[in-house]
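K.L.:
Sharing a structure with you now.
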Amino acid sequence: MTDAAETTATAFYDFETVQRYAAGLEELPEQERAQRLGLLQEFSAMVGRTPDEMVDELFDKATHKYRKRGFYAGRIREFSTKAPGTWAEQNFRGNVIRSFFIANGYRIPLDKPPWM
Amino acid sequence: MEFKQVVGRRRSIRYYQPWRPVEREKIQKILEAARLQSQHGNASDIRKAVVVIKGETPEDVRKALVEALYSQPQAEQAPVHIVWTIDMSGWEKLRDRLLELLKVRALTPSYGWSEQFVDTVVMPTPDFNVLAGDRTFAEWLSAFESGLAVGSALLAAVDEGLGTQLLTGKREEIRKVLGMPEYVTPTQVQIVGYPAESPEAGGQRPRPDFESLYFSGKWGVSFKRDPRVVEQLQSEGMIQTPAPLPWRAQEVRALAATFGLPE
């Protein structure tokens, strides 16, 4: 695995999977785009993998089955809850990562709001 | 609601109010609309459904059904699931159903119908009795029959002011969860509930061009679309503003925030 924590912001945006995700953020104000890409970079550092590595290991293209879905679901939950704030604020952090995976073709299980 | 408006307002609704139950009488009306729909193959016993209602069906069953629908958020939100099925054993009642139609004079001697005709011509002829012939045709016609009923059920839900959508899932798991015998195939799951999104749901969805779908007299010769008819249908509510409506992106963001969903 790559030491993603050492990846510069510019190099980070060069990853194909990040570019695919960023293309879907174009309608957002620049500040929000930067916030989401920053959160993705933070998560990437936390799991010690580049974005391309994360997507690559999540799904086994040969068997058409998820390979590390449980791992990423758990790490996303951890990423959400380690920040202070309300459930919605915490969940927003995790959903940025889920959106990144969705943009690259894969779904990670959701966390339901407490009221549901 | 007027028929053309029902057709025009129907959308696949993907966000539901999970806190609001659907009145049981409305569910029954949806099922009644399906039951009365045309049955070209006269095998009305093939199209059956299992209804799963939040707060009424055991929660472990509902939970397993949602999981079999790949845990899609709208499957979780919607309080009602109508699991439409094809019961192939229903074809065995074809003769009885035809005799019923004779008895009520829907099928008449003027067109050659009699009990003898049913027994000597209809039942042994694969074009009329699919079980007498190719299984593939039997399955195809069964799917067609089921689709007719489900189409009617979708419109009935809209007519009752509800949102609805069809989902597919893991059929084998759905069959097990709901205790279906092996000759029954779950086809589509119709979810029903009060919409959390606006009734327009972002506008009327794109469709292929009319003239690319329908032909006049010969395959490939377009059935000409009269713009005056289009205008009339617009004024009557069947043809509505196409998606996306200008505020759809904001609506989707608001819905995502409400349900804690990624954007």
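The values are calculated or read from the model by the stated rules, or taken from the named source; none is laboratory data. What you see is a predicted model; the values in this text were computed from it and never measured. As a convention, Cβ positions derive from the backbone with ideal geometry for all residues, glycine included, and neighbour counts pool all protein chains shown.
K.L.:
Restricting the search to the range A:95-107, which residues are in contact (Cβ under 8 Å) with a residue 40 or more places away in the chain and either within 7 Å of another protein chain (Cβ to nearest Cβ) or crowded, with 19+ Cβ neighbours inside 10 Å (or both)? Show your work before the answer.
P.N.:
As a first pass, look at the range A:95-107 and keep what is in contact (Cβ under 8 Å) with a residue 40 or more places away in the chain: A:96-97, A:99-101, A:103-106.
Of everything in the range A:95-107, those that are in contact (Cβ under 8 Å) with a residue 40 or more places away in the chain and either within 7 Å of another protein chain (Cβ to nearest Cβ) or crowded, with 19+ Cβ neighbours inside 10 Å (or both) turn out to be A:VAL96, A:ILE97, A:SER99, A:PHE100, A:PHE101, A:ALA103, A:ASN104.
K.L.:
Being within 14 Å of chain A (Cβ to nearest Cβ) and surrounded by 14 or more Cβ atoms within 10 Å (Cβ to Cβ) narrows it down to one of B:GLU59, B:GLU67, B:GLU100, so name that one.
P.N.:
On inspection, the qualifying residue turns out to be B:GLU67.
K.L.:
Take the residues of the range B:226-252 that are charged (D, E, K, R) and surrounded by 13 or more Cβ atoms within 10 Å (Cβ to Cβ): which is farthest from the other protein chains (Cβ to nearest Cβ)?
P.N.:
Ranking the qualifying residues of the range B:226-252, first place goes to B:GLU236.
Here is a yes/no grid of residues against (1) in contact (Cβ under 8 Å) with a residue 24 or more places away in the chain; (2) in contact with a helix residue (DSSP H, G or I) (Cβ under 9 Å, 6 or more places away or on another chain):
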| position | (1), (2) |
| --- | --- |
| A:PHE12 | yes, yes |
| A:GLN19 | no, yes |
| A:GLN31 | no, no |
| A:GLN90 | no, yes |
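K.L.:
With respect to A:GLN41, is the statement that it is assigned to a helix (DSSP H, G or I) and either surrounded by fewer than 19 Cβ atoms within 10 Å (Cβ to Cβ) or of a type in the set (Asp, Glu) (or both) true?
P.N.:
no
K.L.:
Report yes if B:LEU94 is assigned to a helix (DSSP H, G or I) and of a type outside the set (D, E, K, R), otherwise no.
P.N.:
Criteria met by B:LEU94.
K.L.:
Conditions: (1) in a loop (DSSP other than H, G, I, E, B); (2) free of Cβ contacts under 8 Å to residues at least 60 places away in the same chain. B:GLN39 meets all but one. Number of the miss?
P.N.:
Every listed condition holds for B:GLN39 apart from (2).
K.L.:
Let me ask something else about it. Can you tell me which residue among B:LEU154, B:LEU166 is in contact with a helix residue (DSSP H, G or I) (Cβ under 8 Å, 6 or more places away or on another chain), at pLDDT 95 or above, closer than 29 Å to B:ARG20 by Cβ and not β-branched (Val, Ile, Thr)?
P.N.:
When all the criteria are applied, what remains is B:LEU166.
K.L.:
Run A:MET116 past the list (1) within 11 Å of chain B (Cβ to nearest Cβ); (2) within 18 Å of A:GLN35 (Cα to Cα) and report the number of the one that doesn't hold.
P.N.:
It fails just one condition, (2).
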